[in-house]
Structures are given as structure tokens and as C-alpha cells.
Amino acid sequence: MAQSFSSRYPAGLIAAALVVLSFLVLFLVVPIGNVFYTAFVDTDGGFTLGHFGAFFHQTLLKESFLNSLYVAIMSTVFASLIAIPLAYLTIRFQFRGALIIQTLGILPLIMPPFVGAVAMQLLFGRSGSLNLLLDDWFGITLPIMDGLNGIIFVEALHYFPFILMNLTVALRNIDGAMEEAAVNLGSKGWRLFRRIIFPLALPGYIAGASLVFVKVFDDLGTPLVLGITNMLAPQAYLRITQVGIDDPLGYVISVLMIAFSILALWLSASSLKGRDYSTIQKGGSSIQQRRLTPTQAWLAYGWIALVLLLVLSPHFGVLLLSLATVWSYAPLPDGYTLAHYTAVFQESQGMIGNTLLYCGIAAGVDVILGTAIAYIMLRTKIPGRQCLDWIASAALAVPGIVLAIGLMRTFRDVTLPFTEDALTSTWVLIMIAYAVRRLPYALRSCVAALQQISLSLEEAAASVGANRFSTIRRVVVPLMGGGILAGFVTSFITAAVELSATIMLVTRDSDAPMSYGIYLYMQSASGRGPGAALGVLAVAVVAIGTYVSHVIIERASARQRPGKVDQE
């Protein structure tokens, strides 16, 4: 009986599960629980809803709440207006360069929105390039970057790829026979799209749109860089940093941000519940891509060119700003220089080094935890093993600033072991926040990698005398190598541009990573050039990491294709 129990629940794996659970509870569950607890208790420790009443009695906070909702909804609407035609045109019609167009369409994701926000001001602001030209030629200006419009414009251009990617996959999976049947019955054009195509692709659209809403609703960097503070995320940051860590309204805002993030995801799932979108065959080769008439083709290419020009404008703007000597009240910079890059390498070497250090350790922690969770979940019968996956994945619904507030409150009286330094004043907490926030990405890569390894390989190792630990070390982990590396790179590159948690947890400039440095530089007109240069370097890091991740995944997939085995 004792042997049976030990073989079913190995002590080593139970210990690993407890270590993982302890990490998640200590650095995710307790901090977020602390945020909720503080929002619902009074000074005597009793339950109260008074803090929420106080929140809705303050005009500024009510305005911030409505502004956040308005910006998130309108950004989702405008992102949809960009993504839906782009996906439909490139999938349903014969287009030269469709793959290049779709690839360029996801480029905004490699640059955090706050990096491009200042460049967008210079291009589309009241005194930006576009309005200077319009004023000169036609005597008019457009309020594109005024107030909340500017945030909506920047966020929509940055996050529409979430809808584009999901909708593209959904459109490809539609059964071509459904469309043909509708056409035979007389449906075509807008009616065909509205009644047949879009409803069948609705799951992909809903998935992308809900992600856009959540990301925009929680974003802190873009409003701060554009000088807009009457939104929820900036108000949470200002309440905690200016009023103090004990201010209950900062926690009320945090609870509202989590609640609306979960609500958006729940509504997206509920809207599809009870409906059947399955098809007998996927679209793929069965879809008849249609030809456009010459006039339609010119109009379509013109519209796509306009969209891509807008989409890539933040990248061009940041690059120009990083090379500009002076760029003010002129369509283009007055001159060009590399001095900003020289200044960045002289002044910000510490920030670049800090980014590599924090993100490298955090990504390492993530793949270790992700591998452990994946193995425990897929290869053991330990009770409650699925909870590890649920808790780790819950970090996706927690805004960075809310996690940072919870960590600061939970560990404010804790010192680092063997030192006199408070944990909240060191970079260790920044690294932990990165690890917790990016764990879901690494976990999904590790789970996918382990799911592709046949259990028979581990049984074969056991049959020749290898114990479980040796099997994991010499068989499982090497075979998961591609997925683990992809998880490491994904975690690293997304942590490298994290600002929401960083801005709250950095206590001195010497501990600041690149994302915080970009924000600091962008606060002054003279710092915009170096800030843009640092932004270009950050984008380069993310782009290289994305490419490396793509190569790793492709090579790992190629090794596992049956064709390769047959050829060998």
C-alpha cells in the first residue's frame, strides 16, 4: 500500500508542486487578495462598501471610470474597423502580397504603445506634420491627438492585430460550401458578408475584440505619456504614489480594473455560449478566393496602403525622432544626428543591463515553473494539479499596476534575507512582478511542448532502469527544449517592454530598466530624442526575440513532422 501510494504520488513531484503553489500564493494570490481585502474593510477591520461609495462620490474618479470605459470601447470599435476589412480582403480575395500585408499588420505588437505615443503627437498632433500640411494647403486641422482622441487613436493602431490575427484564422476555417450555398441562393456582396461570413467568423472576432478591450482598459503608459490622468489606471498610480500606500481608493480602482477585465472576458465567452460554429470541413483549399475587378483592386490596394501607412507611422515616427536634431513645428526634423544613440549608450548602459538582468531571471523562473506545472498537470495524478494552471493563468486578468500595488502592500515591511534593505526598495520585486505577469506565456509553451511528447518514450526509459528524475532530466526536458526556449523568449521580450508594474516598483534610477528609462526621457522635450533612441533599441530587442522565437518554434515543429522521420 505504501509502495503504491509513493509510486502514484512521488515525493519529489509533490514537493515540486508545493514549491510552485507556494510561489503562486505568495506572489500572486496573497498580493491580489490584499488588494481586495483593503478595498472592502474599514480602519477597524470590518467589512464596508464605503470606499466604493466614496469613489462614486468623487467627480474626478467617476469621470476617470467613464473615460476608461469610453476609451476601451472606442478603441475596440476603431481597431475593428481597421482589422475586419484587412482580414476579409486578404483572405477572401486574390491579393498579391497578402502574406506580407498580414505580416506588416501585426508589426505594431512589437512596439509598446507608450513608445510610439510621442512620435504620434509629432506626426498627428495639433502642431504635427499632418496638421501643418493640412493647415498650409487647406486651412484646416484635425483633432486626432486631442485628449482622449489621441489615446483611442494610439491604442487602436497598436492593438488591432489581436482582432486581425484571430479573425484571419476564423475566416480560413469557414467551410467554403456554406458560402457557395449562400451565393447560389442569391446572397452576395455586403449581404453575404453580414449574413454568412461574419457570423461564422464571430468566435475569432470576439476573442480578439475582448483582448483589445482588456489591454486598453488596463493600459497605464499611453495615458501618462500623453499627459492624460483622468482615467482609471493613471488615477490608481497617482493615488498610491501621491496619497500613499494606505489610500483605500487606490485599491477600489484596482478592484474595478480586475472586475472589468474579468467581465469583458466572461461576456466574450457568454456571447458565444449555446451557438454552434463548427463546420464539417475547414475552408483551406476549398475556399474559392474571388477576383476583384481592376477598379475594385485599385480601391482595395489604396485602402490597404493607407491602413499600413497609419499602422507603421509610430515606427517611422520613433525612428525619425531618434535621429532628429530638432523636430518641432515642422513636418520633418530640421536635421539628423546619431547623438541621441551616443547619449543613450553613455547614460543608460545601466538600464540596458538591468533589462537584460531582470527579464533574463524572470524568464528563467517562468520556464522552470512552467515546465514543472506542465509535467505535474499532464503526467501525474496529484489531486488539485489543475489548480496550478488556473492560478498561473489568472495572472493574465491582473493589470500590471494592480499586481505592483498588491506586492508593495504585502511586502512593505519585509527585508531581504541577510541585508537591511526593504524588499520593496530593491529590484528583486521588479523581477518577481515580471515573472508572475509573464508566467502564463511560458506555461502555454511548456504545456504545448509536453503534449507533443509521447508517453511511450518515458515508459521506454523506465523499462531500461531509469528512474523518474533521470527520465525527466535526460528525456523529457531535452525533448521539450524547443518549447521551453520559445517560452523563455516570449516571456523575456514581453517583460522587456513592461511599464505598468515597472513604474510603480522602481524606487531609484539606478535600478530602472529600459521601459522606465523611455518613460523618464519622454517627460521632457529635450529627452524625447534619447527616449526615442532607447525605444528603438527596445523595439530591436523585441523584434530579434520574436524572430528567434519563431525560428525555434519552426525548427522544433520541423523535427517532429512525420515526413522527416520517414526520410531518415
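The values are calculated or read from the model by the stated rules, or taken from the named source; none is laboratory data. Keep in mind it's a predicted model, so treat the numbers as computed, not measured. Every residue, glycine among them, receives a Cβ derived from its backbone with ideal geometry; neighbour counts consider all protein chains shown. All accessible areas refer to the heavy atoms of the entire protein, side chains included, with ligands and DNA or RNA removed. Shrake-Rupley method; radii C 1.70, N 1.55, O 1.52, S 1.80 Å.
Please arrange Arg379, Arg412, Arg191 by accessible surface area, largest first, computed with a 1.4 Å probe and ligands excluded.
So, going from the largest accessible area down, we get Arg191, Arg412, Arg379.
In Å and from the alpha-carbon atoms only, list the Rg and Dmax of region 325-445.
Considering region 325-445 through its Cα atoms, Rg and Dmax are 20.5, 67 Å.
Any chance you could check the Cα centroid distance between region 85-117 and region 483-507 for me, in angstrom?
24 Å
Along the three principal axes, how long is region 472-517 when you take its alpha carbons, biggest first, rounded to the nearest angstrom?
44, 15, 14
Per residue, how large is the accessible surface of the chain? Use a 1.4 angstrom probe and give square angstrom.
Each residue of the chain exposes 47 Å² on average to a 1.4 Å probe.
Skipping prolines and chain starts, which residues have an amide H placed within reach, meaning under 5 Å, of the one on Thr415, given they are 5 or more residues away or on another chain?
Leu423
Determine the calculated [θ] at 222 nm for the chain from helices alone, applying -39500 (n - 2.57) to every DSSP H run no shorter than 4 residues and normalising by the residue count; nearest 500 deg cm²/dmol.
Only helices count here, giving -22500 deg cm²/dmol.
If we sort 46-53, 446-453, 165-172 on the protection proxy, mean other Cβ atoms within 10 Å, highest first, what's the order?
165-172, 446-453, 46-53
Along the charge dipole of the chain, which of Ala11, Leu132, Ile432 sits closest to the positive end, that is, farthest toward it, with unit charges on the beta carbon of Lys, Arg, Asp and Glu (+1, +1, -1, -1)?
Ala11
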